[in-house]
Amino acid sequence: MRLGQGPDGPVAGRRVAVTGLGAVSCCGIGIEALWEGLCHPDISGERRIPDFDPSVWFGPKEARRLDRFAQVGIAASDLALADAGELSADPARSGVVFGVGVGGFHTFVEQITIFLEKGAKRVSPFFVPMIMGNAAPANVSMRFGWRGPSEALITACASGTHAITNAARLVASGRCDVAIGGGTEAAINDVAIAAFANMTALSTTGESRPFDVRRDGFVMSEGAGALLLEDWDRAVSRGARIYAEVLGGASTSDAHHITAPLPDGSGAVSCMEQALYDAGLEPGDIAHVNAHGTSTPLNDLAESRALIKVFGPSVPPVTSTKGVTGHGLGGAGAIEAVASVLTIERRLIPPTAGLEQLDPEIELDVVSGEARPWEPGPVLSNSFGFGGHNGCLVIVPPTA
């Protein structure tokens, strides 16, 4: 990753290795469940996490004091740390950056209901700590005893991608030797569903169909993803398994509308171009795009136009994992980053579930039907959020 511009050109930071992965999704617990769900899709309707038992991760008291979004974020971080092996990292040089969309929505609705029905004396003293967006990274830091930066990043549906980018920069800059970057969300709730439905953002059929001509909105989901990021030389010296390298990332704003993307996709174009610059790559170097692909009419079309502007007629194979996972809001980009790393490790591009009739206005090579072999090369992962937030991450195969 580039850290800035010096008198002799761009200043490169330390290499950032991905040495651990964690995922808690509607496909199940862990990366194997996620990968199986993506490659052999068999899901429709509501995308809740099956069989998530907080008692596996927390004692009864701790679980009661954590909203579900923090619980699943901590669980994904636990899995990533365990996957990375023995780190022996200096706690003062270990950090956490987590993306969150709306935070403790379940607790918020529950406690407001208690206040209205039972009065002020019955409101939980843990109400505020449970709804805070920073509850996820703060509790991860406390769980591991890591005393480096511990930050929450809130950019709606781009939060997870931005968080991983920022965590990677902590390592690239030398501030941290290891860092967890991730995103989490658990806001499937009658109030949230009503709000998105009244916004006409949700699918009326309950089907997620990215890039399909019949797409009519997203399907809400919950979950979390986490990447354990480590200084490359340190990872090599301890004999760590290196899944991939985070080579670049970027963030831009449409400055256009609170919910709708710029129709011409120019904000997304700028973000992708800056991510490629940060990685020191050209468009032709990219081998695969993990698209934001929410299954909404406006987003999918704008993203396809943006991709064509960046790559011209040779857009690399594109997939949207949201056909399976639905839209996890603040957790989406992190789960998709995990999927992008697994594409590199498993050498397969998962299909876009729900896509049966490609929208004729979307002139992309969208992988559908079954997984396709991945031609080795860099992967670009896109995330775009309400507020016009754009996030792009460049992940590449590990090389000596």
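So here's what we get for this one:
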| item | result |
| --- | --- |
| Output for region 88-113, where each listed residue is touching a residue at least 24 places away in the same chain (Cβ under 8 Å) and open to solvent by 60 Å² or more (accessible area, probe 1.4 Å) | S88, D90, R93, V102 |
| Residue list for region 384-400, restricted to those being among the small types (G, A, S), over 13 Å from A334 (Cα atoms) and surrounded by 24 or more Cβ atoms within 10 Å (Cβ to Cβ) | G385 |
| Subset of region 119-138 [open to solvent by 20 Å² or more (accessible area, probe 1.4 Å) and within 30 Å of A172 (Cβ to Cβ)] | M132, N134, A138 |
| Selection from region 120-132 of residues that are touching a residue at least 60 places away in the same chain (Cβ under 8 Å) and either in contact with a Leu (Cβ under 7 Å, 6 or more places away or on another chain) or in a loop (DSSP other than H, G, I, E, B) (or both) | F126, M130 |
| Options G267, G249, G225: the member that is in contact (Cβ under 8 Å) with a residue 60 or more places away in the chain, open to solvent by less than 20 Å² (accessible area, probe 1.4 Å), part of a helix (DSSP H, G or I) and not hydrophobic (A, V, I, L, M, F, W, C) | G267 |
| Subset of region 143-190 that is crowded, with 20+ Cβ neighbours inside 10 Å, among the hydroxyl-bearing types (S, T, Y) and outside any helix (DSSP H, G or I) - its residue that is nearest to the chain's Cα centre (by Cα) | T184 |
| 1 or more residues in contact (Cβ under 8 Å) with a residue 24 or more places away in the chain and within 30 Å of D231 (Cβ to Cβ): qualifying helices (runs of 4 or more DSSP H) within region 1-84 | 31-39, 68-84 |
| Hey, L116 of a type outside the set (V, I, T), open to solvent by 70 Å² or more (accessible area, probe 1.4 Å) and not in a strand (DSSP E or B) or not | yes |
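Yes or no, residue by residue, for (1) over 15 Å from V213 (Cα atoms); (2) without any contact (Cβ under 8 Å) to a residue 24 or more places away in the chain; (3) not charged (D, E, K, R):
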residue: P297; (1), (2), (3): no, no, yes
residue: E303; (1), (2), (3): no, no, no
residue: F311; (1), (2), (3): yes, no, yes
residue: P316; (1), (2), (3): yes, no, yes
residue: T319; (1), (2), (3): yes, no, yes
residue: K322; (1), (2), (3): yes, no, no
residue: G328; (1), (2), (3): yes, no, yes
residue: A334; (1), (2), (3): yes, no, yes
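Residue by residue, here is whether (1) surrounded by fewer than 20 Cβ atoms within 10 Å (Cβ to Cβ); (2) in a loop (DSSP other than H, G, I, E, B); (3) out of contact with any Phe, Trp or Tyr (no Cβ under 6 Å at 6 or more places or on another chain); (4) modelled with pLDDT of 95 or more holds:
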| residue | (1), (2), (3), (4) |
| --- | --- |
| A275 | no, no, yes, yes |
| T294 | no, yes, no, yes |
| I308 | yes, no, yes, yes |
| E336 | no, no, yes, yes |
| A339 | no, no, yes, yes |
| E345 | yes, no, no, yes |
| L364 | no, yes, yes, yes |
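The values are calculated or read from the model by the stated rules, or taken from the named source; none is laboratory data. These numbers come from a predicted model, not from an experiment. Because the Cβ atoms are built from the backbone with ideal geometry, glycine has one as well, and the counts that use them run over all protein chains shown. For the accessible areas, the whole protein counts, side chains as well, though only heavy atoms, and no ligand, DNA or RNA atoms are used. Shrake-Rupley method; radii C 1.70, N 1.55, O 1.52, S 1.80 Å.
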